[in-house]
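Asks: Quick one: the structure is below, and I'll ask about it shortly.
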Amino acid sequence: MTNQEFFEIVACFDRSTAQTMKLSTQEFTIELTRGGASAPAASAPAAAPAAAAAPVPAPQSSSSSIDAPLVGTFYAAPAPDQAPFVLPGDRVSKGQTVCLIEAMKMMSEVPAPCDCVIESVCKSNGELVAFGEPLFRYRPC
């Protein structure tokens, strides 16, 4: 990885709303965390009661969305002149590609987590996405 590529990753993270980001390859691992994210984790006694009440809604909302697995550029289609991978109302199979995310000039396919019906597309083609941001809303079949 060049210094320029590293700085581009950090710049994308800075522009995003993500609190943490982890990028791993065979050669290295980079973990970025916003300044305020480590303070709540350090206070274990205070975090324990909040953790018992707070996580219940979060998994429910993420269970109905396909979230960005990394920071990058969202592409709804395999090429600019081709049709999108999926449209609202489409039925998709587990593992079927629903979009691409480009990061550091590499395309990553995002698969459907289960057999489902796509209810909405949350991002526009070419839009920057942060780690964990919803890309699609779906209804399991």
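Asks: Compare the peptides 23-30, 120-127 by average per-residue count of other Cβ atoms within 10 angstrom and give them in order, highest first. Walk me through the numbers before you get to the answer.
Replies: Numbers: 23-30: 9.8, 120-127: 14.2.
Descending packing order for the listed peptides: 120-127, 23-30.
Asks: Would you calculate the separation in nanometres between label points at E27 and S124, each defined as 7 Å from the Cα along the Cα-to-beta-carbon direction?
Replies: 3.5 nm
Asks: Using per-residue counts of other Cβ atoms within 10 Å, averaged over each peptide, order 107-115, 89-97, 70-78 from highest down.
Replies: With the highest mean Cβ count within 10 Å placed first, the list reads 70-78, 107-115, 89-97.
Asks: Taking the Cα-to-Cβ direction at M106 and at Q4 and moving 7 Å from each Cα, how far apart do the two end points lie in nm?
Replies: Roughly 1.8 nm, to one decimal.
Asks: List the aspartates and glutamates whose Cα sits under 16 Å from the Cα of K123, skipping any in the same chain fewer than 8 residues away.
Replies: Cross-link targets: D67, E102, E109, E133.
Where a number appears in this text, it was derived from the coordinates with a stated rule and is not lab data. Just so we're clear, the structure is a prediction, and the values are computed from it rather than from any experiment. When we count neighbours, we look across all protein chains shown, and the Cβ atoms used for this are built from the backbone with ideal geometry, even at glycine.
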